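Derivation of every value follows stated rules applied to the coordinates shown; laboratory data play no part. In this text the structure is predicted, and so the values were computed from the model without any measurement. FYI the Cβ positions are ideal-geometry reconstructions off the backbone, even for glycines, and counts take in every protein chain you see.
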Amino acid sequence: MYPSSDKRDSQTEGRLNLRIAVFGAVALALFAVLFFRLWFLQALNGSEYLAEANNNRTREFRVSAPRGEILDRSGKVLVDNRTSLALQVDPDDLPPQPARRRAELAQLAELTHSSLKRVQTLLGEQAELAPGAPATLRNDVGHYLVYYLQENQDRFPGVEIQPVFVRNYPLGTLAAHILGNVGEVSEKQLKEDPYRDLEPGDKIGQDGVESTYDQFLRGHPGLTRVQVDAFGQPTQRQRPFSKRPTPGDNLKLSIDYDVQAAGEAALAARGLPGGFVTMDVHSGEILGVGSFPTFDPSVFTRPMTQAQVDALIRDPISAPLTNRAISGLYPTGSTYKLITALAALESDVITPSTSIYDGGEITIGEQTFQNAGGAAFGTVSLVRALEVSSDVFFYTLGWKTWNTGDLQRWSHKLGIGRPTGIDLPGESEGLLPSQKWRNDLYREGETERPWSAGDNVQLAIGQGDLQTNPLQMAVAYATLANGGTVVTPHVGLQIDDPAGRVQREFEVRPQRSIRIEPQHRTAILEGLHNAAQSPSGTSFAVFGNFPVDVAGKTGTAQRPPNPDQSWYVVLAPYPNPRIVTAVTIEQGGFGADSAAPAALQILEAYFDKHSSGSAGPNGGSPG
């Protein structure tokens, strides 16, 4: 039988009520969850999310700090800053579609008078140097382009015009090798301790004193917030700094502007590669150091392609970025005779009065060594041998010390073939040839013969396998001049704050001291003085009428297949020198032809400025 209709209606109504009850319970539970979630967000975390929402309307930017100025010893500005408007592209904000991206970059190329290929190359290269940082397409953007981009901002997503500080060089190329350059920190550098607190796109010193003293010059970046729209584009409202940038401190160098300018002009006038160093013989302060050819440091303030970088770095002929004064590798010719003389005297091979007969040549084993030009000077002692530059005299000293190592030992003491410790990157250690060095090469099959007397004979006059540079020679001459202190050459003098107050003075200690007998020092200096200012001296034609007594030595180094290299090293004033100047000019011929006149220009600039040095108890009398 079937239930009655009333009973069926009652059952249906019960099931419906149950469903309504279940649905209501579920709805009530969902409402409770939603209520408690809203209460949690509003009451408990409301302030936090409000702050995040506000932050979504702003973007925070790092504001680069202006780097400190670089000054010469008298306060003349060598490097400062200027403000530039930079056109920057953030690759992350460019259109993701390849066609739109390419179209925008093509428009930017046209606006910046460039090409699409160059723009793409710059973006790629700068992305490698500083991943994630905006890439600078052009500095010093004109105001018309700025206005155009601002009016058409929606057409150029990812493009911004930012004011940036760039380095300014009021004296042009002067001291370029000292100053170095500034560039974006690389991904590799960001992992190094000095740069761990930096971010991609930050700039650091990459060479010269900009690199050595970067921690003082760099300053600390600030932060600012800019209000943006829903698409992340900046509006016209900019909020105050949340953190102001701290400018870098100023660096005062030991460089003397007049000496530096004279040295660079002297090299440029000869038009041949070369380098010079002028240094205080007592403190090691560098008054001037330069190299030719040079370069314009302002090129590093503009974006460069890899081809442009390669042209500066890899040119094997001119090598304008190479500082030949500290990185050159050369034989020195007869300027080395000071070192040979000191080694022979201090090793008791000779005394100042020892005489050696110079008949124009000497035969050692089966090899004959001759004086330059076939000259013969008869019986000579040390002072006379230095005056006329008797090769036979010094060949003899090289022969007498070829198996003892005395010449190498004293050369090493004076700094040949070892770092000087100068506060400039890129210094070359050079090569001091020795018996051990050559014999090791011979055992390894890298040379055809072991060490011989001829090797030492050649070293005694600054030839053979010797590789050194003007800086090492200046240190060696300074050591004799000051009586035995091997100074540490340096260009950094002190750190000043932006207001000019001294924050730190660099105390640079000597590398070491060696004992030099006073009578040996006196004899060598007398020989060098006669070489410069006695009528039969090798550089009398250049320094004979110079109004300050000096002690100097010419050098003519053979560098086959190149023409002879010109050298001159001079101490002034005589007999108590204050400065040393070392000059070398590749392919310059005899020492008296090129290097000595260049050294004269430098000394003229120094003594014109320091005229009190021409006479007095510590200076030489007029010559």
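Projected label points at Ala269 and Asn576, each 7 Å from Cα along the beta carbon direction, are separated by 3.1 nanometres. The aspartates and glutamates within cross-link reach of Lys252, meaning a Cα-to-Cα straight distance under 15 Å and a gap of 8 or more places when in the same chain, are Glu69, Asp72, Asp80, Glu210, Asp214, Glu285, Asp423, Asp496, Asp497, Glu505, Glu507. By the rule of a C-alpha distance below 27 Å, with chain neighbours fewer than 8 residues away ignored, the lysines paired with Lys553 are Lys337, Lys400, Lys413, Lys609.
Relative contact order for the stretch 257-612: 22 percent, from Cα pairs under 8 Å spaced at least 6 residues apart, divided by residue count. Here is the size of the stretch 417-576 from its Cα atoms: Rg then Dmax, 19.6, 63 Å. Taking label positions 7 Å along the Cα-Cβ direction at both Arg196 and Leu329, the computed distance is 3.6 nm, reported to one decimal.
With the simple spin-label model, which puts each label point 7 Å out from Cα in the Cβ direction, the Ser452 to Lys117 separation comes to 5.6 nm.
Once the chain from Lys243 to Val33 is taken as fully extended at 0.36 nm per residue, the excess over their C-alpha distance is 71.3 nm. The loop-placed trypsin sites (Lys or Arg not before Pro) in the stretch 466-537, going by DSSP, that have at most 10 neighbouring Cβ atoms within 10 Å of their Cβ come out as Arg501, Arg515. Applied to the stretch 254-259, the Karplus parametrisation 6.51 cos²θ - 1.76 cosθ + 1.60 on θ = phi - 60° returns per-residue 3J(HN,Hα) values of 7, 4, 9, 3, 5, 5 Hz, with x for Gly and Pro.
Applied to the stretch 453-469, the Karplus parametrisation 6.51 cos²θ - 1.76 cosθ + 1.60 on θ = phi - 60° returns per-residue 3J(HN,Hα) values of 4, x, 4, 6, 4, 5, 4, 4, 10, x, 10, x, 8, 4, 9, 9, 8 Hz, with x for Gly and Pro. Is the shape of the stretch 257-612 best called rounded, prolate or oblate, per the rule: a/c under 1.5 gives rounded, else a/b larger than b/c gives prolate, else oblate, with a ≥ b ≥ c the square roots of the Cα gyration tensor eigenvalues? Cα axes put the stretch 257-612 in the prolate bin.
Each other residue within a Cβ distance under 9 Å of His529 adds +1 if Lys or Arg and -1 if Asp or Glu, for a net charge of -3.
What does the net charge come to around Ser115 if you take all other residues with beta carbon closer than 14 Å to its beta carbon, with K and R at +1 and D and E at -1? Taking every Cβ under 14 Å from that of Ser115, the sum is +3. In order along the stretch 96-111, the Karplus-derived 3J(HN,Hα) couplings, from 6.51 cos²θ - 1.76 cosθ + 1.60 at θ = phi - 60°, round to x, 6, x, 5, 5, 4, 5, 4, 5, 5, 5, 5, 4, 4, 5, 5 Hz, and Gly and Pro are given as x. Note on Lys243: aspartates and glutamates with a C-alpha under 14 Å away, same-chain residues under 8 apart excluded, are Glu60.
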